[in-house]
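Colleague: I have a structure I would like to understand better, so I am pasting it below and will then ask my questions one at a time.
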Amino acid sequence: MSDMYIYEYTAENLDKLVTNVVELLLYRGVSISTAESCTGGLISELITAVSGASEIFQLGICTYSEQMKTRFLGVSPDILQKYGVVSHETALAMVSGLKKISGADICVSVTGIAGPSGGTPEKPVGTVFIGFDIFGRQTASQLPFRKITDLSRSGIRMAAAFHIFETIKNSLTEAQLPE
C-alpha cells in the first residue's frame, strides 16, 4: 500500500468518533453548524444521528451550487470566479458566511470533488477543502490525500467527514474554551 493511503477507517469507527464528538459538544455546551457541498449533508446527518444533538446542532445547510453558496452564505462571485468552487478561499468564505448566519461556536464548511468525474490535473478527484470557525478563529485547508483510503465518491466523502470530526475532537480536547 502506498504512503498516500495510510489512514484506515471504518463506518463503525466513524460512528464512534462522531458520538464522542457530539457527547463532548454536549458536555461543554458548544454549538455547531455545517455548510456542505460535496458531502451533501453527510456531516449534518452524522451529527443528528446521535441522541441529544438537538441541544448543540444549530444549522445544517447544503449549498451544492455556486448560486446557493452566494445567496445563502454570501460567497462572493469574484471568489468563485478567481479561485473556483473547490478552493481554500471558497471554503473560508463559506465558513465565514455560516458563522454570520448561525452564530454557532463551531462552524464547518466543506467543498470538493467527490468524483468519479469533475476532476482536472490541477484539482483531481479527491480534492477537498474544509473550512473551520472554532470560537471565532477561522482556518481552511485541503484534506490531505493520504487520509483518503478509498477514492470512490463515498470514500472521499467519508474521509472528509472523518477528518472534520477528528479536527473538532482535537480542537475541543486541546484548547481552552473561551469564557
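Colleague: Out of all the residues in region 70-82, is one or more crowded, with 16+ Cβ neighbours inside 10 Å and free of Cβ contacts under 8 Å to residues at least 12 places away in the same chain?
Modeller: The answer is yes; a qualifying residue exists.
Colleague: Out of everything in region 102-149 that is of a type in the set (D, E, K, R) and not in a loop (DSSP other than H, G, I, E, B), what residue ends up being farthest from the chain's Cα centre (by Cα)?
Modeller: By that ranking, first place goes to R146.
Colleague: Identify the residue in region 37-78 that is in contact with a helix residue (DSSP H, G or I) (Cβ under 6 Å, 6 or more places away or on another chain) and small (G, A, S) and, among all such residues, is nearest to A159 (Cα to Cα).
Modeller: For region 37-78, the residue satisfying everything is G60.
Colleague: Residue check: is A160 more than 16 Å from S33 (Cβ to Cβ), crowded, with 21+ Cβ neighbours inside 10 Å and modelled with pLDDT of 95 or more?
Modeller: Considered against the rule, which asks whether it is more than 16 Å from S33 (Cβ to Cβ), crowded, with 21+ Cβ neighbours inside 10 Å and modelled with pLDDT of 95 or more, A160 comes out as yes.
Colleague: With (1) of a type in the set (S, T, N, Q); (2) part of a loop (DSSP other than H, G, I, E, B); (3) under 21 Å from I113 (Cβ atoms) as the list, and T34 as the residue in question, which single condition is left unmet?
Modeller: All conditions are met except number (2).
Colleague: Please state which one of S117, S109 is hydroxyl-bearing (S, T, Y) and closer than 23 Å to E174 by Cβ.
Modeller: S109
Colleague: A follow-up question, please. From the list I130, I134, pick out the single residue that is crowded, with 22+ Cβ neighbours inside 10 Å and without any contact (Cβ under 8 Å) to a residue 60 or more places away in the chain.
Modeller: I130
The values are calculated or read from the model by the stated rules, or taken from the named source; none is laboratory data. Remember, it's a predicted structure, so these values are computed and weren't measured experimentally. Here the Cβ is made from the backbone with ideal geometry for all residues, glycine too, and neighbour counts use every protein chain on show.
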